[in-house]
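S.K.: First the structure, then my questions, so here it is.
The values are calculated or read from the model by the stated rules, or taken from the named source; none is laboratory data. Note that this is a predicted model, so its numbers are computed, not measured. Counting neighbours? That spans all protein chains shown, and the Cβs are built from the backbone with ideal geometry, glycine included. Surface areas here come from the heavy atoms of the whole protein model, side chains and all, with no ligands, DNA or RNA. Shrake-Rupley method; radii C 1.70, N 1.55, O 1.52, S 1.80 Å.
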Amino acid sequence: MQKKMDRYKFLDVLIVLGSILFTLVTITVFCFPGQRFDDALDTILLFQIIMGNAVMAFSFGRQNRFYQFYTGVILFLWGVFTFIFNKWLPLTIYQWWPVYVELSAFALLGSGFYKYRKMKLGFVFPSAALIGLGIWYSLFSFKIIPMSFAEASMIFGPILLISIAVLMFILLKMQNKNKKFIIEDEDDVFEEDEIPFKEFDDEE
């Protein structure tokens, strides 16, 4: 048990360090849009990618924490995309930022499948919503829609709300026909030993 808690603590430390590195990169990229950074930023991104990959690798197994695997995937995907953006993609982070939302959706969907070994409605619906939001904001960040966000919201907002309602109705029908999509009440995402950073509280 102690060995498992030590591993949890080690992964939590990696998550915190990786999050700090990503915050530094994000602040730098947003403060200097259009500028390409070389060795310093690449090195930070490399460490972030390694930390995210390490968290994913060490969190495999039946008794490991969902949030650790999910955060590891996030750090890895965000780090890889930022590296690609910094090296080769045109435009600035102000156009590409919705991609981070979409990557978060795929990370959530994949992590839910990793935990339950099947697709669950509790992960599919928020993932689909995040992907939809990412695409929606991309239409404005890349100037695909030639109008302001406020004007588009007034025109397309009701259509979006109706579409969400229809999607929820379809998903509920799927849920009634196929119970494997449901996250049961006793099948909590955070089990007793999966509460984030619980091992640090236990030491107090």
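S.K.: So for the stretch 10-26 (the condition being under 30 Å from LYS143 (Cβ atoms), among the aromatic types (Phe, Trp, Tyr) and open to solvent by less than 40 Å² (accessible area, probe 1.4 Å)), does at least one residue qualify?
M.R.: yes
S.K.: Continuing with the same structure: From the list ILE144, ILE131, which residue is out of contact with any Cys (no Cβ under 6 Å at 6 or more places or on another chain), loosely packed, with under 13 Cβ neighbours inside 10 Å and among the β-branched types (Val, Ile, Thr)?
M.R.: Every option except ILE144 fails the conditions.
S.K.: Give ASP193, ASP202, ASP185 a once-over and let me know the one that is at pLDDT below 70, surrounded by 12 or more Cβ atoms within 10 Å (Cβ to Cβ) and under 29 Å from LYS9 (Cα atoms).
M.R.: Residue meeting the stated conditions: ASP193.
S.K.: Next up: Exactly one of these conditions fails for ILE144: (1) in a helix (DSSP H, G or I); (2) under 25 Å from the mean Cα position of the chain (by Cα). Give me its number.
M.R.: (1)
S.K.: Could I ask something else about it? Does the stretch 74-96 hold any residues that are over 22 Å from VAL16 (Cα atoms), of a type outside the set (A, V, I, L, M) and under 18 Å from the mean Cα position of the chain (by Cα), and which are they?
M.R.: Within the stretch 74-96, PHE85, TRP96 qualify.
S.K.: Give LYS115, LYS87 a once-over and let me know the one that is within 24 Å of GLY134 (Cα to Cα), at pLDDT below 90 and of a type in the set (D, E, K, R).
M.R.: Matching residue, one of LYS115, LYS87: LYS87.
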